[in-house]
Structure formats: C-alpha cells, structure tokens
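Presented below is the structure to which this report refers.
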Amino acid sequence: QVQLVESGGGLVQAGGSLRLSCAASGSIFSINVMGWYRQAPGKQRELVATIARGGRLNYADSVKGRFTISRDNAKNTVYLQMNSLKPEDTAVYYCKLEASSNYWGRGTQVTVSS
C-alpha cells in the first residue's frame, strides 16, 4: 500500500512564499509521474504542476514563472516551491503519484491573504 503525506501548507500574505513537500512510502515500483493539484472552494480540482520520471515538467499557465516543482527520487519526495503567491492560489493542494496505479494525498491547505 502506498501513502502520500503532504506538508508545508499554511497562511501567507500575498507576495509571500511557501514550500510544499510530499513524501511517498510503501510498496512503490517505477513511479512515472508525481505532481500537485489544487481545489478551491466551489471549483473542480485542477493541475498545478507535474514532473515525470525523466524530468519532463508541466505547469498550469496560472503558475508558470511563480511555482517550481522538483523531485528527489531517492526519497520518493516531490516539492512545490511557490513564490509570489496570490489570493487566487488559495486552495487545498493535493499530491498525486502515478505508477501502476494512481495515488492521492489527503491535501494541505494553502491560504493567501490580500
């Protein structure tokens, strides 16, 4: 069984920064993609950023230039550095791991005040 544990969320003022971490544990074989998604109240869950096993990156247009995703394969951990945060970035952020199956974390709240 695979578990994903997110950390690093919190409350920050607009223009501030946060760094999210997601550590995967359990029976993990051949991770293909790790990434971050977010869901704001009343909205659908949306992609924020992903990083593939080969290092290919994908970002939502709304976060390009502000967020950076990275991955430590040895630790099965993915990070999301979020800079220049805006109130519209407020959401619950979820980690996702794609391997033979897809796994989700329980989410971490990010709140950006104006």
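With the structure loaded, tell me whether residue 85 is among the aliphatic types (A, V, I, L, M), modelled with pLDDT of 95 or more, open to solvent by less than 20 Å² (accessible area, probe 1.4 Å) and not in a strand (DSSP E or B) or whether it fails that test.
Spelling it out, residue 85 is indeed among the aliphatic types (A, V, I, L, M), modelled with pLDDT of 95 or more, open to solvent by less than 20 Å² (accessible area, probe 1.4 Å) and not in a strand (DSSP E or B).
Among the candidates 99, 74, single out the residue that is of a type in the set (Gly, Ala, Ser) and free of Cβ contacts under 8 Å to residues at least 12 places away in the same chain.
74
Restricting the search to the stretch 9-34, which residues are open to solvent by less than 30 Å² (accessible area, probe 1.4 Å) and either without any contact (Cβ under 8 Å) to a residue 24 or more places away in the chain or assigned to a loop (DSSP other than H, G, I, E, B) (or both)?
Within the stretch 9-34, 16, 31 meet the criteria.
For the stretch 85-99, indicate whether the set of residues that are within 14 Å of the chain's Cα centre (by Cα), under 13 Å from residue 48 (Cα atoms) and charged (D, E, K, R) is non-empty.
Yes; the residues of the stretch 85-99 include at least one that is within 14 Å of the chain's Cα centre (by Cα), under 13 Å from residue 48 (Cα atoms) and charged (D, E, K, R).
Given the criteria in contact with a Phe, Trp or Tyr (Cβ under 9 Å, 6 or more places away or on another chain) and either free of Cβ contacts under 8 Å to residues at least 12 places away in the same chain or among the polar types (S, T, N, Q) (or both), does residue 39 qualify?
So residue 39 fits the description; yes.
A quick yes/no check of all residues on (1) of a type in the set (Phe, Trp, Tyr); (2) in contact with a strand residue (DSSP E or B) (Cβ under 6 Å, 6 or more places away or on another chain); (3) open to solvent by 60 Å² or more (accessible area, probe 1.4 Å); (4) part of a strand (DSSP E or B):
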position	(1), (2), (3), (4)
69	no, yes, no, yes
74	no, no, yes, no
92	no, yes, no, yes
97	no, yes, no, yes
109	no, yes, yes, yes
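With (1) out of contact with any helix residue (DSSP H, G or I) (no Cβ under 9 Å at 6 or more places or on another chain); (2) closer than 17 Å to residue 81 by Cα; (3) surrounded by 15 or more Cβ atoms within 10 Å (Cβ to Cβ) as the list, and residue 45 as the residue in question, which single condition is left unmet?
So residue 45 meets the others, but not (2).
The values are calculated or read from the model by the stated rules, or taken from the named source; none is laboratory data. This one's a predicted model, so the numbers in the text were calculated from it and none came from an experiment. Don't worry about glycine lacking a Cβ; one is built from the backbone with ideal geometry, like all the others, and counts go over all protein chains shown. Heavy atoms of the whole protein, side chains included, go into the accessibility calculation; ligands, DNA and RNA do not. Shrake-Rupley method; radii C 1.70, N 1.55, O 1.52, S 1.80 Å.
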